[in-house]
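A.B. asks: This is the structure I want to talk about, given as structure tokens.
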Amino acid sequence: MYRHSLREEYQALSLVAESVEAQLKQGELKESDLNKSIANLLKLHREGLLEAYILLVKPDDGIVRDYPEYRANNREKLRRYMNEYVTAAK
């Protein structure tokens with residue numbers, strides 16, 4: 001992974017999700033045809049949980065440094081991600 005902050009990783013993955021979303025709206029892609037990883041990325045982006053995912057799923061050392069600030073400001077999103085994706089095994 002070459003990105004070294006939550007912001008950088010979020011921006012990169014958001015661009016992917018937004019590109020897929022645009023292609024879906026234009027009819028170039030069908031949601032049912034998306035591979036599981038892309039579908040999951042899109043779902044997390046739509047639900048506002050992409051940053052929580054980045055922080056909790058194999059973050060690098062740079063991203064880990066962003067965790068305390070994110071947690072202080074977004075505890076509910078972290079809790080939601082854990083409840084909906086980790087403990088519910090979505």
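A.B. asks: Does Arg75 count as among the basic types (Lys, Arg), surrounded by 14 or more Cβ atoms within 10 Å (Cβ to Cβ) and modelled with pLDDT of 95 or more?
C.D. replies: no
A.B. asks: Right, next: Which pairs turn up if I take residues in the range 46-72 that are under 17 Å from Val16 (Cβ atoms) and among the β-branched types (Val, Ile, Thr) and look for partners that are exposed (fewer than 11 other Cβ atoms within 10 Å of the Cβ) and modelled with pLDDT under 95 with beta carbon separation below 9 Å, at least 6 apart in sequence or on another chain?
C.D. replies: The qualifying pairs do not exist here.
A.B. asks: Would you check which residues across the range 2-31 are part of a helix (DSSP H, G or I), more than 29 Å from Asp66 (Cα to Cα) and acidic (Asp, Glu) and list them?
C.D. replies: Of everything in the range 2-31, just one residue is part of a helix (DSSP H, G or I), more than 29 Å from Asp66 (Cα to Cα) and acidic (Asp, Glu), namely Glu31.
A.B. asks: Among the residues of the range 32-54, which ones are closer than 17 Å to Lys77 by Cβ, outside any helix (DSSP H, G or I) and not small (Gly, Ala, Ser)?
C.D. replies: Leu49
A.B. asks: With respect to Lys58, is the statement that it is charged (D, E, K, R), under 9 Å from the mean Cα position of the chain (by Cα) and either assigned to a loop (DSSP other than H, G, I, E, B) or farther than 13 Å from Leu6 by Cβ (or both) true?
C.D. replies: Against the criterion (charged (D, E, K, R), under 9 Å from the mean Cα position of the chain (by Cα) and either assigned to a loop (DSSP other than H, G, I, E, B) or farther than 13 Å from Leu6 by Cβ (or both)), Lys58 does not qualify.
A.B. asks: Next question, about the same structure. Within the range 9-32, does at least one residue satisfy the condition of being touching an Asp or Glu at 6+ places or on another chain (Cβ under 7 Å), touching a residue at least 12 places away in the same chain (Cβ under 8 Å) and within 21 Å of Tyr81 (Cα to Cα)?
C.D. replies: Checked against the condition, which is being touching an Asp or Glu at 6+ places or on another chain (Cβ under 7 Å), touching a residue at least 12 places away in the same chain (Cβ under 8 Å) and within 21 Å of Tyr81 (Cα to Cα), the range 9-32 yields at least one hit.
A.B. asks: Something else about it: If you scan the range 22-48, which residues turn out to be surrounded by 15 or more Cβ atoms within 10 Å (Cβ to Cβ) and farther than 23 Å from Pro59 by Cα?
C.D. replies: Leu24, Leu29, Leu34
The values are calculated or read from the model by the stated rules, or taken from the named source; none is laboratory data. As the structure is a prediction and not an experimental result, all values here were calculated from the model. Counting neighbours? That spans all protein chains shown, and the Cβs are built from the backbone with ideal geometry, glycine included.
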